[in-house]
1. Can you list the aspartates and glutamates whose alpha carbon is less than 12 Å from that of Lys68, not counting same-chain residues fewer than 8 positions off?
2. Within 10 Å of each candidate Cβ there may be at most 10 other Cβ atoms; applying that plus a DSSP loop requirement, which trypsin sites (Lys or Arg not before Pro) in the stretch 73-159 survive?
3. How would Ile70, Ile82 line up from fewest to most surrounding beta-carbon atoms within 10 angstrom?
4. Identify the chymotrypsin sites (Phe, Trp or Tyr not before Pro) of the stretch 55-159 meeting these criteria: DSSP loop state and at most 11 other C-beta atoms within 10 Å of the C-beta.
5. So how many Å³ per residue does the convex hull of the Cα atoms of the stretch 118-159 work out to?
6. Ratio of Rg to Rh for the chain, alpha carbon only, Kirkwood?
7. Helices from the chain with mean Kyte-Doolittle at least 0.0 and a Cα length along the axis of 20 Å or more, per DSSP H: which?
8. So how do Leu9, Leu116, Leu108 line up by other beta-carbon neighbours within 10 Å, fewest first?
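Only the coordinates and a few stated rules stand behind these numbers; no lab work does. A quick note: this is a predicted structure, and the numbers were derived from the prediction, not measured. Every residue, glycine as well, gets a Cβ built from its backbone with ideal geometry; the counts of neighbours run over all protein chains shown.
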Amino acid sequence: MKKIQLSHLDSILKSDADFVEKINTISDTIKELVGAELCTIFIYDKVSRSFWTAHIEGISYIEIPDTKGIVSDVFHKKGIMIINDVQNDPRFHKEIDLSTGYSTQSMLAVAILNHLKEPIGVVQLINKNRDGQKFTSRDKSILSKLLHYISQFTERFSI
């Protein structure tokens, strides 16, 4: 991983920057290191039993029930998944693509765990940013290494 990017990420997270700046920096760093078009960070709400977007590009807010979609599956399994043909995956929550006009082709998603190893959210990367490329085990490894930055920050916002 690029040490300059991680150093910048670390300094932003330790700074007095506001929530939006910090979450944008996390997302931008993840996207750049993995090579994804989009990064969405979902936080789990135990009360409503749903996921809300702490960060999503181009859309103000999405809420998804904890029983729907790949995000739900990754969360409940405390796992990490690569799906390079999302449109043919029965778990894919197509309503978001329909409402946004975006076309999700591939996805890399990982559960965010708190210090007790309980799931508190999900990071979802959408589409590799080069035509025809697919997410790989190397991408999975990079995202796994970034999880401590994500979990430390998002744990404060889980409900």
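1. Hits, sequence-local ones excluded: Glu95.
2. Lys117, Arg130
3. Taking fewest neighbouring Cβ atoms as first place, the list is Ile82, Ile70.
4. Numbers: sites: Tyr61, Phe75, Phe92, Tyr102, Phe135, Tyr149, Phe153, Phe157; in loops: Tyr61, Phe92, Tyr102, Phe135.
Within the stretch 55-159, the qualifying chymotrypsin sites (Phe, Trp or Tyr not before Pro) (loop, at most 11 other Cβ atoms within 10 Å) are Tyr61.
5. Details: hull volume 3.6 nm³, N = 42.
It comes to 86 Å³ per residue, whole-number rounded.
6. Numbers: Rg = 14.6 Å, Rh = 15.7 Å.
Rg divided by Rh gives 0.93.
7. 19-34
8. Values: Leu9 21, Leu116 7, Leu108 27.
Starting with the residue having the fewest Cβ neighbours, the order is Leu116, Leu9, Leu108.
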